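Q: What follows is a structure written as C-alpha cells; I'll ask about it next.
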Amino acid sequence: MNVCVVVAAAIVVDGRLLLAQRRRPAALDGLWELPGGKVEPGETPTDALRRELREELDIETEAGERIGVEVPLADGLVLRAYLTEIVSGIPRALDHAAIGWFSAAELPAVDLVPNDRMWLPDLERALRAS
Ligand code: C5P
C-alpha cells in the first residue's frame, strides 16, 4: 500500500508558535493546527510544505528538521511536522478561519486538533529553547 504523507509546519518567531484555525471538516471546525496539507504526486514532502504554506498563508518558507513523531492517520496517511522558517511575507489566513501566535505557556490551553496534540511536548520544548 502507498503511504501518503501529510506535512505540517512548526513556525516559531520570537518565542511564539504559529497556529491556524480550521474551518472544515465540521468535526474539526474551530480547532487549531500546524498549517500544512497532503503531499501531491511528484512532490517531495518539503516541496509540498512550501506550496501549502504559500497557498494557505501567503508566505515563502524553508523546511528544516523534523519535529515530533510521525502520526498515523486514517486511510494510510501519515502526518509529519517540520520546524519551518519564514523566508518572506507576513502570514495571513487565506484558507483558515484565523491564525494566531502562542507561547509555550499558552499552548496547553489551545484547542488543538487531536493529531497535533501528540506534538505538544516537542512544541513546548522548541518554544522554550527559542
Ligand atoms: O488540511 P487537510 O485536510 O488537507 O489535511 C489532511 C489530513 O491531515 C486531515 O485528516 C487533517 O485532519 C490532517 N491534519 C492534521 N493536522 C495537521 C494538518 C492536517 O491532523 N496539522
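The values are calculated or read from the model by the stated rules, or taken from the named source; none is laboratory data. In this text, all values refer to a predicted model and were calculated from it rather than measured experimentally. Cβ atoms come from the backbone with ideal geometry, glycine included; neighbour counts cover every protein chain shown.
Q: Every residue in the stretch 35-79 that is among the aliphatic types (A, V, I, L, M), part of a helix (DSSP H, G or I) and modelled with pLDDT of 95 or more, please.
A: A48, L49, L53, L57
Q: Could you pull out the residue among V7, V39, V3 that is more than 12 Å from the ligand (Cβ to nearest atom) and either in contact with a helix residue (DSSP H, G or I) (Cβ under 7 Å, 6 or more places away or on another chain) or more than 16 Å from L112 (Cα to Cα) (or both)?
A: Being more than 12 Å from the ligand (Cβ to nearest atom) and either in contact with a helix residue (DSSP H, G or I) (Cβ under 7 Å, 6 or more places away or on another chain) or more than 16 Å from L112 (Cα to Cα) (or both) holds for just one of V7, V39, V3, which is V3.
Q: If you don't mind, there's one more thing I want to ask. Is at least one residue of the stretch 64-86 among the polar types (S, T, N, Q) and surrounded by fewer than 21 Cβ atoms within 10 Å (Cβ to Cβ)?
A: No: zero hits.
Q: Show the residue pairs meeting these rules: Cβ distance below 7 Å; 6+ apart or different chains; first residue within the stretch 1-14 and under 14 Å from I59 (Cα atoms) and in a loop (DSSP other than H, G, I, E, B); second residue modelled with pLDDT under 95 and of a type in the set (S, T, Y).
A: none
Q: Output the residue which, of all residues in the stretch 93-104 that are in a loop (DSSP other than H, G, I, E, B) and touching a strand residue (DSSP E or B) at 6+ places or on another chain (Cβ under 7 Å), is surrounded by the most Cβ atoms within 10 Å (Cβ to Cβ).
A: It comes out as H96.
Q: Within the bounds of the stretch 67-83, is there any residue that is more than 15 Å from the ligand (Cβ to nearest atom), in contact (Cβ under 8 Å) with a residue 12 or more places away in the chain and farther than 13 Å from V6 by Cα?
A: The answer is no, given that none of the residues of the stretch 67-83 is more than 15 Å from the ligand (Cβ to nearest atom), in contact (Cβ under 8 Å) with a residue 12 or more places away in the chain and farther than 13 Å from V6 by Cα.
Q: Moving on to the next point. Taking the stretch 105-130 as the search range and keeping residues that are more than 16 Å from the chain's Cα centre (by Cα) and not in a helix (DSSP H, G or I), which one is farthest from the ligand (Cβ to nearest atom)?
A: Among them, the one singled out is A105.
Q: Can you name the condition, by its number, that T46 falls short on among (1) in contact (Cβ under 8 Å) with a residue 12 or more places away in the chain; (2) near the ligand (Cβ under 9 Å from one of its atoms); (3) more than 20 Å from M118 (Cβ to Cβ)?
A: T46 satisfies every listed condition except (2).
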